[in-house]
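The values are calculated or read from the model by the stated rules, or taken from the named source; none is laboratory data. Computed from a predicted structure; not experimentally measured. In this analysis, Cβ positions are derived from the backbone assuming ideal geometry, glycine residues included, and neighbour counts consider all displayed protein chains.
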Amino acid sequence: MNFRRIYQWLVWGLSSTWYAVVQAQGPFDFERTPIDYHNQPASNLVSELQEKILAGEVQLEFHRTRGYLDSFLQQLNVSKSSQVLVYSKSSVQLRWISPLRPRALYFNEEVYVGWVLGGDVLEMIVSDSKLGTVFYTLRQQETAYPRFQRDSGQCLQCHANRRTQQVPGPVVRSLFTESNGQPIYRLGNFNSDHTSPFSQRWGGYYVTGNHGPTLHMGNLMADRDTPVKEFDYESGANLTDLSAQFNTGPYPTGHSDIVALMVLEHQAQMQNLITKARYEEIQGEHYDAMLHRDQLFGNELTQRKVVRVGEALLAYMLFVNEYQLRAPVRGTSGFSEEFSSQGPHDQQGRSLYQLDLETRLFKYPLSYMIYTDVFRQLPPRVNSYVSQRLYEVLTAESTEDEFAHLDLDTRKAILQIVEETCPDLIDH
């Protein structure tokens, strides 16, 4: 079946009725039926941990400097090597943040954790099998039964907009930042993912690692009275030690690893595209039902939505338009080695977690996020569409398509890895 032709037909055949329905939807449509985001119960690693804490099965230990951070990371298997440090005042706890007291972020495939030295709460973003992404805080006060507080809407002011595909989700944002941590918004800002050039990445972040002559915005203290073209980007390049910038002693590690940042950028937008795909199918079926579609048209709106988000998700998970590295990249925290060692592996020892870091991020450019519960539990229509399109791309006889960056050998290797490690993903 030629899904590219179906895609063109569905896009070109946009009906006036469907257009009117879509126009009636707003950017926070997920707050209403059928998603009903804030009124639906959560089902994720944090909600499960809360149940264990209240049942007395798990006890979080309180650190005199970092509060519940270390214990929480251990409970949810989040490595300290994933630490990246943000000194821009771009968080709900902005009053505590500065270049001398950066906010620390940690992550794995399902959880993102924010910690601020001296801050009131731990901040968490977690993948949710029903809601896509949910936000929590945990007060940094010692108690026998710590309680996670689910966000009631405050986080969505920054985490549900065009940067997140108009759904609740994580975002990696690059901002020109002054020496006091204040972003200079009039100079512009960038949403960072694996397609972004280094020149638009990591403004307001510390960055440790080697990346050759390619320059980025990290480690830069901007002056609002100096033209952007005169900023000294070279001063922040290839920095491997942060001890001269601030006191790293209170932090779990002294790194803000460049490779961890690159993986985080990819994962955050992948997370949002998965949530977007979930919402679009659920909302499409809801509006189709409202329009009382007959057998002639079937689920027309749902199918159009599925095709649109399915193609966007497929392109991103296969790294279309990925920024090509100009020089090898090397981190400092051990994150690269730890991350690359993860599986599952095929019989030849290959894994989608293996990093390249010579010309691109991954050796086998298909997102490892295909193994996560949120991806595996996508609604049936978008799941089927992405599976069939992925098989079509990986078994193509030529590379003269929008996935031309993947040569035939790479496609074959990815297909073999998927068939052995995630066989139900591929729809033959």
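Tabulated data
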read-out: Those residues of region 101-121 which are in contact (Cβ under 8 Å) with a residue 24 or more places away in the chain and under 16 Å from SER79 (Cα atoms), in sequence order; value: ALA104, LEU105, TYR106, PHE107, ASN108, GLU109, GLU110, VAL111, TYR112, VAL113, TRP115
read-out: Exclusive hit being farther than 24 Å from TYR323 by Cα and touching a Leu at 6+ places or on another chain (Cβ under 8 Å), set TYR185, TYR233; value: TYR185
read-out: Among the candidates THR410, THR399, residue that is at pLDDT below 95, among the polar types (S, T, N, Q) and either closer than 20 Å to VAL307 by Cβ or more than 19 Å from the chain's Cα centre (by Cα) (or both); value: THR399
read-out: Strands (runs of 3 or more DSSP E) completely within region 31-131 that count 3 or more residues being more than 17 Å from GLN149 (Cα to Cα) and in contact with a Phe, Trp or Tyr (Cβ under 8 Å, 6 or more places away or on another chain); value: 84-86, 103-107
read-out: TYR368 vs. criteria within 29 Å of SER82 (Cα to Cα) and surrounded by fewer than 21 Cβ atoms within 10 Å (Cβ to Cβ); value: no
read-out: Where PHE319 falls short, out of the listed (1) crowded, with 19+ Cβ neighbours inside 10 Å; (2) in contact with a strand residue (DSSP E or B) (Cβ under 9 Å, 6 or more places away or on another chain); (3) at negative phi; value: (3)
read-out: Every pair of residues 6+ apart whose Cβ atoms lie under 9 Å, when the first sits in region 342-370 and is more than 20 Å from ILE274 (Cα to Cα) and in contact (Cβ under 8 Å) with a residue 40 or more places away in the chain while the second is surrounded by fewer than 17 Cβ atoms within 10 Å (Cβ to Cβ) and among the aliphatic types (A, V, I, L, M); value: none
read-out: Residues of region 47-61 that turn out to be of a type in the set (Lys, Arg) and touching a helix residue (DSSP H, G or I) at 6+ places or on another chain (Cβ under 7 Å), as a count; value: 0
read-out: Members of region 241-254 that are loosely packed, with under 13 Cβ neighbours inside 10 Å and polar (S, T, N, Q); value: SER243, ASN247
read-out: Within region 25-64, tally of residues that are without any contact (Cβ under 8 Å) to a residue 60 or more places away in the chain and closer than 21 Å to ALA289 by Cα; value: 4
read-out: Members of region 76-103 found to be basic (Lys, Arg) and either within 21 Å of the chain's Cα centre (by Cα) or more than 21 Å from PHE176 (Cβ to Cβ) (or both), listed by number; value: LYS80, LYS89, ARG103
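Rundown of residues vs (1) over 23 Å from the mean Cα position of the chain (by Cα); (2) farther than 25 Å from GLY204 by Cα; (3) at pLDDT 95 or above; (4) among the charged types (D, E, K, R), yes/no style:
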position: ALA244; (1), (2), (3), (4): yes, no, yes, no
position: HIS255; (1), (2), (3), (4): no, no, yes, no
position: VAL263; (1), (2), (3), (4): no, no, yes, no
position: GLN269; (1), (2), (3), (4): no, no, yes, no
position: ASN272; (1), (2), (3), (4): no, no, yes, no
position: GLU281; (1), (2), (3), (4): no, yes, no, yes
position: ARG304; (1), (2), (3), (4): yes, yes, no, yes
position: ALA327; (1), (2), (3), (4): yes, no, yes, no
position: SER340; (1), (2), (3), (4): no, yes, yes, no
